[in-house]
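Would you mind keeping the following structure in view while I ask a few things?
The values are calculated or read from the model by the stated rules, or taken from the named source; none is laboratory data. It should be emphasised that the depicted structure is a prediction, and the values quoted were computed from it without experimental measurement. Note: ideal-geometry Cβ built from the backbone for every residue, glycine included; neighbour counts use all protein chains shown. The accessibility values were calculated without ligands, DNA or RNA, using every heavy atom of the protein model including side chains. Shrake-Rupley method; radii C 1.70, N 1.55, O 1.52, S 1.80 Å.
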Amino acid sequence: MLESVNRVLDWPFPRTKSGCPAEILGELREEPPCVVRIPAGAAQSRRAWLVTAYADVRRALMDPRLSADETLPGAPVRIQVDPSQKPGSFLRMDDPEHARLRGLIATEFTARRVRRLRSAVQKLIDELLDDLAGRPRPTDLQDVFSRKLPTLVIARLLGVPDEDSPYFVEKTRVTISQGDPARSYAAYTEMSEYLGVLAKRKLDDPQDDMMSRLAVDHLSTGHITLDELVGIARLVLVAGHETTTNQIALNILSLLTDDALRSEVLADDGALIPQYVEEAMRYWSISQDAIVRQALEDVEMGGVVMKKGDAVVISIPAGNHDPSVFPHPDRIDLSRDSGKHLQWGNGPHYCQGAPLARLEMDLALRTLFRRFPTLRLAVDDPDSVFRTGTVFHGVRHLPVTW
């Protein structure tokens, strides 16, 4: 049926100049799911249904008939690494394998364990801001703060040496870029090989970190393979720093470009910061085109029948900007109920790292603007800071002064 559809749009859609989700998503949300063309890369170009309405996006994220398994014949691929050449992460698996591997790290991100990390995260923020205070102005806040903080937090959680964190930032950046599949795969392979060596080292010299626990409790007992351990570690490392890095930067950017919003968020000792974090996540919706599925059987959704084998693109930005759920979605509104946003996902693939990311974002904003109350952008055109060509929205740099 997909091949017989006449109107096919090229996807992904570029963001607006101001970094908001593409305006065409608003038009498409008023219609049944349309057909888009996923560009060629690690997999061949193919057509897919695009799901845009909030109710359909939420349902699609939970529907077990829509498979995340990239190894299925004809499965759509967004990260430009051929799934047949890689040990996959559980993010790209279905249950029961997904649940088996995900469950191995469930205790690492509980609210209780994350609360125990609060003082360590705060200490790291203070150290990074001490360094910022001594730098010449203007300086790139993305480089010295919003990128470094999540990278160091997740590296220490995993047990990766601090000095190796810049290596992972670069390898992740190349892996999730969309321009050159061969280069993406090379970066992916290098990262995987490093993590494999590190996992074996943890077996011989375990420490108080996630990779040591996975190695000693599960690898040594045969519960998981080395490839599976590497897949878990790679997913935690990439998801733990890449998404939080860009969300922190965008949270800061919104406050630097809107004085009224900044005053509201920071009033009363930052009482509204937790609400602002959720609303900013809804507004920016950085998982712009990474969620793809394949129908395991015929599925009716939004007035169309998606046939077995059809590819499906689930648009988080479109769902998060559905005005029937979030009135006036293209503005940040601290009075709205943002808890229904879909940036964390929904269903079995809901983000395990959400408690840790919330902690980092809250403490980062709270401490940054207390230490640097006169912080301001040091660029004439705020729209010039956005990056393009990646599956996660974010900024290239964030020049600031104070």
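Determine if region 385-392 includes at least one residue that is open to solvent by 10 Å² or more (accessible area, probe 1.4 Å), more than 19 Å from Val144 (Cβ to Cβ) and among the polar types (S, T, N, Q).
Checked region 385-392: at least one residue is open to solvent by 10 Å² or more (accessible area, probe 1.4 Å), more than 19 Å from Val144 (Cβ to Cβ) and among the polar types (S, T, N, Q).
Quickly run through region 347-381 and pick out the residues that are open to solvent by less than 30 Å² (accessible area, probe 1.4 Å) and not small (Gly, Ala, Ser).
Within region 347-381, Leu356, Leu359, Glu360, Met361, Asp362, Leu363, Leu365, Thr367, Leu368, Phe369, Phe372, Leu375 qualify.
Among what's in region 163-202 and is among the basic types (Lys, Arg) and open to solvent by less than 70 Å² (accessible area, probe 1.4 Å), pick the residue that is farthest from Ser89 (Cα to Cα).
Of everything passing the filter in region 163-202, Lys202 is farthest from Ser89 (Cα to Cα).
Looking only at residues that are open to solvent by 70 Å² or more (accessible area, probe 1.4 Å) and of a type in the set (D, E, K, R) in region 16-50, which one is nearest to Ala249 (Cα to Cα)?
Lys17
Results for (1) aliphatic (A, V, I, L, M); (2) at pLDDT 95 or above; (3) in a loop (DSSP other than H, G, I, E, B), shown as yes or no for each residue.
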| position | (1), (2), (3) |
| --- | --- |
| Asn6 | no, no, yes |
| Arg15 | no, no, yes |
| Val35 | yes, yes, no |
| Ala40 | yes, no, yes |
| Ala60 | yes, yes, no |
| Pro76 | no, no, yes |
| Val81 | yes, no, yes |
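Name the single residue, out of those in region 216-235 being closer than 17 Å to Ser89 by Cβ and of a type in the set (A, V, I, L, M), that is farthest from the chain's Cα centre (by Cα).
Result: Leu219.
Among the residues that make up region 387-400, is at least one of them under 22 Å from Trp49 (Cα atoms), under 17 Å from the mean Cα position of the chain (by Cα) and not in a loop (DSSP other than H, G, I, E, B)?
Yes, region 387-400 contains at least one residue that is under 22 Å from Trp49 (Cα atoms), under 17 Å from the mean Cα position of the chain (by Cα) and not in a loop (DSSP other than H, G, I, E, B).
Quick one: which of Leu149, Leu129 is buried (at least 20 other Cβ atoms within 10 Å of the Cβ) and modelled with pLDDT of 90 or more?
Working: Leu129 fails: buried (at least 20 other Cβ atoms within 10 Å of the Cβ).
Of Leu149, Leu129, the one residue that is buried (at least 20 other Cβ atoms within 10 Å of the Cβ) and modelled with pLDDT of 90 or more is Leu149.
Condition first: among the polar types (S, T, N, Q) and without any contact (Cβ under 8 Å) to a residue 40 or more places away in the chain. Can you find one or more residues in region 263-277 that meet it?
First, pick out the residues of region 263-277 that are among the polar types (S, T, N, Q): 263, 275.
Still in the list and also without any contact (Cβ under 8 Å) to a residue 40 or more places away in the chain: 263.
Taking every residue of region 263-277 in turn, at least one turns out to be among the polar types (S, T, N, Q) and without any contact (Cβ under 8 Å) to a residue 40 or more places away in the chain.
One line per residue, one yes/no per condition, for (1) among the aliphatic types (A, V, I, L, M); (2) at pLDDT 95 or above; (3) touching a strand residue (DSSP E or B) at 6+ places or on another chain (Cβ under 6 Å); (4) open to solvent by 10 Å² or more (accessible area, probe 1.4 Å):
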| position | (1), (2), (3), (4) |
| --- | --- |
| Val238 | yes, no, no, yes |
| Ile248 | yes, yes, no, no |
| Ile252 | yes, yes, no, no |
| Leu256 | yes, yes, yes, yes |
| Asp268 | no, yes, no, yes |
| Glu279 | no, yes, no, no |
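Please verify whether region 87-96 includes one or more residues that are within 30 Å of Ile314 (Cα to Cα), in contact with an Asp or Glu (Cβ under 9 Å, 6 or more places away or on another chain), surrounded by fewer than 20 Cβ atoms within 10 Å (Cβ to Cβ) and at pLDDT 90 or above.
Checking region 87-96: at least one residue is within 30 Å of Ile314 (Cα to Cα), in contact with an Asp or Glu (Cβ under 9 Å, 6 or more places away or on another chain), surrounded by fewer than 20 Cβ atoms within 10 Å (Cβ to Cβ) and at pLDDT 90 or above.
Across region 281-296, what is the number of residues that are polar (S, T, N, Q), open to solvent by 10 Å² or more (accessible area, probe 1.4 Å) and assigned to a loop (DSSP other than H, G, I, E, B)?
Selection size over region 281-296: 1.
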